[in-house]
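Below you'll find the structure, written out as structure tokens, and then a few comments.
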Amino acid sequence: MKSSLSWLRVLVLFFTIFGLMEFFIDSGDKPAFIAYPMAQLFLVFVLFLLIAIELILTAIENIIFQALNEEAKKKYLASKSESSGWAWGKKTYQKLLGSKPIEAESEIILDHNYDGIKELDNKLPPWWVYMFYATILFGVIYLFRFHIYNDYTQDMEYEQQVAAAQLEIKEYKKNAKDLVDVTTVELLTDIGDLKAGEKIFMSNCVACHMADGGGGIGPNLTDEYWMLGSGIKNVFNTISEGGRDGKGMVAWKQILKPAEMAQVASYILVEINGKEAADPKATEGEVWED
């Protein structure tokens, strides 16, 4: 005879094993079964194994049951019924439902008869009544908290959420630098970024601007004169989109990543501009003021 709790036993054991796996396997921010595909195969194997064990136990129980005589079968079924794990569940369900059994419906029948259809005076289910009381209690607490003692307002909650979102965006941008563009680029002063910018400059820019930025084919980057403006946004945009039409340098956005353009632009402004060049080129453009 198949136990009515066998499926519940399978689920409890499965989720217990699942919880232990997630607890002991270090998978960072992701769940282990997502981070490691082998964990998914393991869980599927465990589930099939538990189901197979339950089927085998049920088959053994049925074989033993069929071998009993009729009197033993009746005793066995009676003991199974008395020890059923769902007895308490059925009683709890009946209490929560609050309805009368069919045998006792005569006690609550009303004197209303419509073509043989009778009306019962059923009470509201206890779970519904308790939930209604809970909403009243919630309303009273809400009234005192927000309208009498003036706890935080919707405006304050909105401002807090916006501030938290801005912090999350800032943190996200730190780890996703290639999302930077001319509107969001900021001057980088970290030594790692400046070293990376120097490497890019020495690999791509020295042919026109010289190693010290004094200028050659390209303009002098050490003075305060600029053709297309200074500042991180202007320099980033010039590197990305190129110089003057037909005269300036090519657009580097097809070659360099946004993060790399931000690094080399920052290197120019921090490490080159304002420094002395060995053989500076004559000034070009206008003095740029922020």
- Task: Using +1 at the Cβ of each Lys and Arg and -1 at the Cβ of each Asp and Glu in the chain, identify which of Met249, Phe45, Asn220 lies farthest towards the dipole's positive end.
- Result: Phe45
- Message: Charges on Cβ only, +1 for Lys and Arg, -1 for Asp and Glu, centred on the Cα centroid of the chain; of Asn69, Pro258, Ala165, which one is farthest towards the dipole's positive end?
- Response: Asn69
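Once the piece of chain linking Thr135 and Glu119 is laid out straight, how much longer is it, given 0.36 nm per residue of separation minus the C-alpha distance between them? Write out the running numbers ahead of the final one.
Numbers: separation 16, 0.36 × 16 = 5.76 nm, distance 2.96 nm.
Result for the pair: 2.8 nm of gain on full extension.
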- Task: Treat each spin label as a single point 7 Å out from the Cα along the C-beta direction, and report the Asp279 to Ile217 distance in nm.
- Result: 1.6
- In what sequence do Phe144, Phe201 fall when counting other Cβ within 10 Å, fewest first? Phe144, Phe201
- Message: Within a 10 angstrom radius of the beta carbon, how do Met210, Met249 rank from fewest other beta carbons to most?
- Response: Met249, Met210
- Task: Under a cut-off of 21 Å between alpha-carbon atoms, report the lysines in cross-link reach of Lys100, not counting same-chain residues fewer than 8 places apart.
- Result: Lys90, Lys91, Lys118, Lys123
- Message: Using Cβ counts within 10 Å as a stand-in for footprinting exposure, how do Arg9, Arg145 rank, fewest first?
- Response: Arg145, Arg9
- Item | Cα centroid of segment 236-256 to Cα centroid of segment 144-196, whole Å | 31
- By the scheme Lys and Arg +1, Asp and Glu -1, what is the net charge of all other residues having a beta-carbon under 10 Å from that of Tyr267? -1
- Item | lysines whose Cα lies under 17 Å from that of Lys73, excluding same-chain neighbours fewer than 8 positions away | Lys2
- Nearest 0.05, what FRET efficiency do Glu157 and Glu286 give at R0 = 51 Å with Cβ-Cβ as r? 0.55
- Query: For Glu271 and Ile102 in the same chain, what is the full-extension length gain: residue separation times 0.36 nm, less their Cα-Cα distance, in nm?
  - Reply: 51.8 nm
- Query: If the cut-off is a Cα-Cα distance under 23 Å, which lysines reach Lys233, setting aside same-chain residues fewer than 8 apart in sequence?
  - Reply: Lys170, Lys173, Lys174, Lys177, Lys195, Lys199, Lys247, Lys253, Lys257, Lys275
- P(r) tail for segment 113-264, what percent of Cα pairs lie past 22 Å? 63
- Query: Of (i) -0.69, -0.81; (ii) -0.26, -0.43; (iii) -0.41, -0.59, which is the value of log10 I(q)/I(0) by the Debye sum over Cα atoms at q = 0.07, 0.09 Å⁻¹ derived from the coordinates here?
  - Reply: (i)
- Projected area, mean over directions - segment 6-79, Cα convex hull, nm²: 6.0
- Name the residues of segment 257-290 whose amide N is less than 12 Å from a point 7 angstrom out from the Cα of Glu186 along the C-beta direction? none
- Task: Determine the relative contact order of the chain: mean sequence separation of Cα pairs under 8 Å and six or more apart, normalised by residue count, in whole percent.
- Result: 13
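Quick one: compute the contact order of segment 6-79, relative version, from alpha carbon pairs under 8 angstrom and 6+ residues apart, as a percent.
Details: 24 pairs, mean separation 21.1, N = 74.
So the answer I get is 29 percent.
Values in this text are rule-based calculations from the coordinates and carry no lab data. This one's a predicted model, so the numbers in the text were calculated from it and none came from an experiment. Please note: Cβ atoms are built from the backbone with ideal geometry, for glycine as well, and neighbour counts cover all protein chains shown.
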